[in-house]
Amino acid sequence: MNYANADEFKEASGYDIEGAWYPRVTKIVEIKAKPALYKFYAEVGFKEGEDIKAKSAAEGTMIHEAFEKILVGENPPIDPSIAPAIKAAVEFIGKNHIHVDPEFVERRVVHYEHRYAGTIDTLALIGGKFGILDIKTSLSIYRDYNLQTAAYMDTLKDKLKNLQTRWIMRIDQSKTCMRCAATLRGKGGREKIRDPYPRPYGWQRCADGEHEWGDMEGHVELKEFPYWHDDFQAFLGAKRLWEWENDYWLKKIRY
């Protein structure tokens, strides 16, 4: 990415904390290749893909921010466009007795030894285990997320001796066809139809225009990733590559 000046690079790529600048975890992991994203750009074109991506990110932020306010005990107004997802998430944490520490919702953390910083979504107690809970609104839980959460785990492991594990909670919403059970997910202004999995024997998708879509329903997926040390080493590799890629600007700011 091109930057107009060093200040723009610093603002886009990291945080000023206690008189020092630290690169942002999420910016570092952007250096990793994303084949699925490149395929998406090939399907829709780069410009349209960027527009869809920006709209999708804005919608995801709405869900993220509303849910985090609920986690700290607030009762925010919920936009009708994301209400099914929020309803499902609230019911999920209640049903599964998930306890969240409000003081650690959107908490910034710093790794002074390896020189990076990030913002965790929250810490949680789930099934008797205490760990980092990261919230996503993506189509799937991607392996790339493990780099981000591993960076947080290593940052907090010495500060929180009872830290045991990490989870990704994916919050989403979609419609289901009442005839063929395919799902319709609309995000970023783009509608995507997915076949049911596993497909029933003899299953056939409805022809275009013949689906009978039900109401929008929220969905929550929770996965635990307890083994994080190899992911952390991969994160450090990504950080070194990111530093190499941005060597010009890092020298400018005397990183």
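The values are calculated or read from the model by the stated rules, or taken from the named source; none is laboratory data. As the structure is a prediction and not an experimental result, all values here were calculated from the model. Note that we place each Cβ from the backbone using ideal geometry, even for glycine, and neighbour counts take in every protein chain shown.
For the reader, a short list of remarks on this structure follows.
- Single match in Ile82, Ile86, Ile70 (criterion: over 17 Å from the mean Cα position of the chain (by Cα), of a type outside the set (S, T, N, Q) and under 24 Å from His219 (Cβ atoms)): Ile70
- Thr122 being among the polar types (S, T, N, Q), out of contact with any helix residue (DSSP H, G or I) (no Cβ under 6 Å at 6 or more places or on another chain) and in contact (Cβ under 8 Å) with a residue 24 or more places away in the chain: no
- Scanning the range 195-229 for residues that are surrounded by 10 or more Cβ atoms within 10 Å (Cβ to Cβ) and charged (D, E, K, R) yields Asp195, Arg199, Arg205, Glu210, Glu212, Glu217, Glu221, Lys223, Glu224.
- The range 177-194: number of residues that are buried (at least 18 other Cβ atoms within 10 Å of the Cβ), in contact with a strand residue (DSSP E or B) (Cβ under 8 Å, 6 or more places away or on another chain) and not aliphatic (A, V, I, L, M): 2
- Scanning the range 60-86 for residues being out of contact with any helix residue (DSSP H, G or I) (no Cβ under 7 Å at 6 or more places or on another chain) and either within 13 Å of Lys187 (Cα to Cα) or charged (D, E, K, R) (or both) gives a total of 7.
- Of all the residues in the range 183-196, those that are within 13 Å of Asp215 (Cα to Cα) and in contact with a Cys (Cβ under 8 Å, 6 or more places away or on another chain) number 2.
- Those residues of the range 10-50 which are within 19 Å of the chain's Cα centre (by Cα), farther than 19 Å from Tyr152 by Cβ and part of a helix (DSSP H, G or I), in sequence order: Ala12, Pro35, Ala36, Leu37, Tyr38, Phe40, Gly49, Glu50
- Residue tally, condition out of contact with any Asp or Glu (no Cβ under 9 Å at 6 or more places or on another chain), over 23 Å from Trp242 (Cβ atoms), of a type in the set (Gly, Ala, Ser) and without any contact (Cβ under 8 Å) to a residue 24 or more places away in the chain, over the range 31-68: 3
- Flag for Lys10 being among the charged types (D, E, K, R), surrounded by 17 or more Cβ atoms within 10 Å (Cβ to Cβ) and modelled with pLDDT of 95 or more: yes
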